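The values are calculated or read from the model by the stated rules, or taken from the named source; none is laboratory data. Here the structure is a predicted model, which means the values were calculated and not measured. We place every Cβ from the backbone using ideal geometry, glycine too, and count neighbours over all the protein chains shown. The accessibility values were calculated without ligands, DNA or RNA, using every heavy atom of the protein model including side chains. Shrake-Rupley method; radii C 1.70, N 1.55, O 1.52, S 1.80 Å.
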Amino acid sequence: MDKIIQRLINYIAYDTKSDPNSETFPSTSGQLVLGEALAEELKGIGVEDVHQDEYGYVYGTIPGNVENVPTIGFIAHMDTAPDLDGKCVNPQIIEDYDGQDIKLNEEYALTNKEFPFLKELKGHTVVTTDGTTLLGADDKAGIAIIMTAMEEILKGDMKHGTIKIAFTPDEEIGQGTDHFDVKGFNADFAYTIDGGPEGELEYENFNAASAFIEIQGKNVHPGSAKNIMVNSLRIAMELESLLPVDEKPEYTENYEGFYLLDAIDGTVDHTKMEYIIRDHSMEKFNEKKSLMKDIVAFLNKKYGDKITLKMEDSYYNMKEKIKPHMEIIDLAKDSMEEIGVKPLIKAIRGGTDGAQLSYKGLPTPNLFTGGYNYHGRFEMISVDTMKKSKELVKKIIEKNGATK
């Protein structure tokens, strides 16, 4: 079996699902376990200064063999999304895929009707789940790509500058850069290897915020409730109905932002709601947050201050921090073209560690891995595209090393 597949299958068997309700960092111990294994693997292939710090981040360095060229970093995250079990021990490996529907189990299948991109993967080797877990390609594919590229570089005679490597915890719950040692990492720029289909090159992402709402009702026996009962569940429904109906994830695409009611839990007496708010435009992002505040104010006036709202910004569009450094986008774009990959420059309808790192002074756009349908049982990846991503990493390093 090809090494890049072996690595992917090995990594996805680790249980590294992050936990948004945890009070520890990293949020789950499984991430520390995988991190320890990755650190040993990095040492084994010859990477220097390998260490796992107190927060679970794994760092390593490949010293340059040419001088006066920028130091590049490559970053991937170890955790999987909390949406579903992330310990994938029964993946399906399909060689020379025929482009037809893929049965995952008796209940679930990847169908061309739902996922038209399947036809584009005909002839590829693809890896899917068995329908019971995430695959974990997000972002253990990125780890496998980086690890394999670094091993090949260390075995070869390529001229290159200093290369920095980092594997991060808790990206999926928005905490992946909370304790990232940007100064110690000491790269001039970096790339996260955390994208999707072949050719993706992303340096724009959503501005993101979370809204936490609590509604205090008043519960009495329904038989004597007239003019007394205040049903917090009904207020929650009213609040949701006041948001623009067409600004929901299921109705938006490209640069269109949205509100998502991500969780709700309540009774007549008390209800909690959690929203995420997203938009690429900072102006529209701020307008969305203002509308949420106005709706809460309106309902408080109507019902007598029953609602509390806590809103927190999560991350911002990295575009503003990348624009002064467009040479790193050109480096990736030119490298793609040289290895026969058509660049697909698009905005991320989400966020990556790179967004927050860019605001911490480390410009970090995002590159493809070959994955699809992240965060669910229909997650899958093309091994052929993983190999192209590995070649892209090597080409970027080669072209950077030739820049004297």
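So how many Å³ per residue does the convex hull of the Cα atoms of segment 281-358 work out to?
Value for segment 281-358: 106 Å³ per residue.
Which pairs in the list Lys346/Lys399; Lys289/Lys333; Lys159/Lys333; Lys248/Lys293 are over 26 Å apart, alpha-carbon to alpha-carbon?
Over 26 Å apart, Cα to Cα: Lys289/Lys333.
Between the helical axis of 137-155 and the dominant principal axis of the chain, each derived from Cα atoms, what acute angle in degrees is found, rounded to the nearest 10?
The two axes meet at around 20 degrees.
Between Ser314 and residues 5 or more places away or on another chain, which pairs have amide H atoms under 5 Å apart, with H built 1.01 Å from N, and which residues are they?
When sequence neighbours closer than 5 places are left aside, the close amide H contacts are Ala208, Ala209, Ser210.
What are the GluC sites (Glu not before Pro) within segment 66-148 that DSSP puts in a loop, where the Cβ has at most 12 other Cβ atoms within 10 Å?
Glu67, Glu95, Glu106, Glu107, Glu114
Would you kindly give the portion of the calculated P(r) for the chain that falls above 42 Å, as a percent of all Cα pairs?
In whole percent, the share of Cα-Cα pairs in the chain beyond 42 Å is 18.
Pick from Met292, Met380, Met237: which is most flexible by mean-square fluctuation in a GNM of the chain where alpha carbon atoms under 10 Å apart are linked?
Comparing Met292, Met380, Met237 in a Gaussian network model of the chain, the most mobile one is Met237.
Compute the acute angle (0 to 90°) between the alpha-carbon long axis of helix 232-242 and the principal axis of greatest extent of the alpha-carbon atoms of the chain; round to the nearest 10°.
On a 0 to 90 degree scale, this one is about 60.
Please work out the ratio of the alpha-carbon Rg of segment 128-240 to 2.2 N^0.38 Å and round it to two decimals.
1.86
Rg and Dmax in Å for segment 316-370, alpha carbons only: what are they?
When restricted to the Cα atoms of segment 316-370, Rg and Dmax are 11.5, 33 Å.
Which of the aspartates and glutamates could a cross-linker bridge to Lys103, judged by Cα under 17 Å and excluding same-chain residues fewer than eight apart?
By straight Cα distance, Lys103 reaches Glu95, Glu114, Asp130, Glu379.
Could you work out what % of the accessible surface of segment 95-146 is carbon and sulfur, using a 1.4 angstrom probe and leaving DNA, RNA and ligands out of the count?
That share works out to 45 percent.
I'd like the carbon and sulfur percentage of the solvent accessible area for segment 249-404, probe radius 1.4 Å, heavy atoms only, ligands and nucleic acids excluded.
Exposed carbon and sulfur together represent 48 percent of the surface.
Assuming a viscosity of 1.306 mPa s and a temperature of 10 °C, what translational diffusion coefficient in µm² per second does Stokes-Einstein assign to segment 32-137, Rh being the Kirkwood radius over Cα pairs?
93
Checking a compactness column here: for segment 54-204, what do you get for Rg(Cα) / (2.2 N^0.38 Å), N being the number of residues?
Taking N as the residue count of segment 54-204, the ratio is 1.23.
What aspartates and glutamates could a cross-link reach from Lys301, if we take a straight Cα to Cα line under 19 Å and drop same-chain neighbours fewer than 8 places away?
The qualifying aspartates and glutamates are Glu214, Glu238, Glu240, Asp269.
With every protein chain left in place, what is the accessible area per residue of the chain in square angstrom, probe 1.4 Å?
For the chain, the per-residue accessible area is 45 Å².
Just need log10 I(q)/I(0) for segment 231-319 at q = 0.22, 0.23 Å⁻¹, Debye formula, equal scatterers on the alpha-carbon atoms, no solvent, rounded to two decimals.
The computed values of log10 I(q)/I(0) come out as -1.16, -1.25.
Could you tell me which chymotrypsin sites (Phe, Trp or Tyr not before Pro) in segment 229-277 are loop residues by DSSP with no more than 16 other beta carbons within 10 angstrom of their beta carbon?
Within segment 229-277, the qualifying chymotrypsin sites (Phe, Trp or Tyr not before Pro) (loop, at most 16 other Cβ atoms within 10 Å) are Tyr255.
When the Cα atoms of segment 247-404 are enclosed in a convex hull and the volume is divided per residue, what value in Å³ results?
142
Taking 25 Å as the cut-off for C-alpha to C-alpha distance, list the pairs among Lys155/Lys183; Lys183/Lys288; Lys323/Lys395; Lys140/Lys164; Lys119/Lys284 that go past it.
Beyond 25 Å: Lys155/Lys183; Lys183/Lys288; Lys119/Lys284.
Going by alpha carbons, how many degrees (0 to 90, nearest 10) lie between the helix axis of 326-338 and the longest principal axis of the chain?
Compared with the principal axis, the helix lies near 60 degrees.
Hey, can you grab everything whose amide H is under 5 Å from the amide H of Ile163? Only 5+ residues off in sequence or another chain; H modelled, so Pro and N-termini drop out.
Ile62, Gly64
Only Cα pairs within less than 10 Å get springs; with that Gaussian network setup on the chain, which residue of Ala225, Ala109, Ala211 has the largest fluctuation?
Ala225
Which trypsin sites (Lys or Arg not before Pro) does segment 1-77 hold that lie in a coil by DSSP with at most 13 other beta carbons within 10 Å?
In loop regions of segment 1-77 (DSSP not H, G, I, E or B), there are no sparsely surrounded trypsin sites (Lys or Arg not before Pro).
Any idea how far apart Lys43 and Val89 come out in nm if each label point goes 7 Å out from Cα toward Cβ?
For the pair Lys43/Val89, the computed spacing is 2.7 nm.
Given C-alpha coordinates of segment 355-404, what is the ratio Rg to Rh with the Kirkwood estimate of Rh?
1.11
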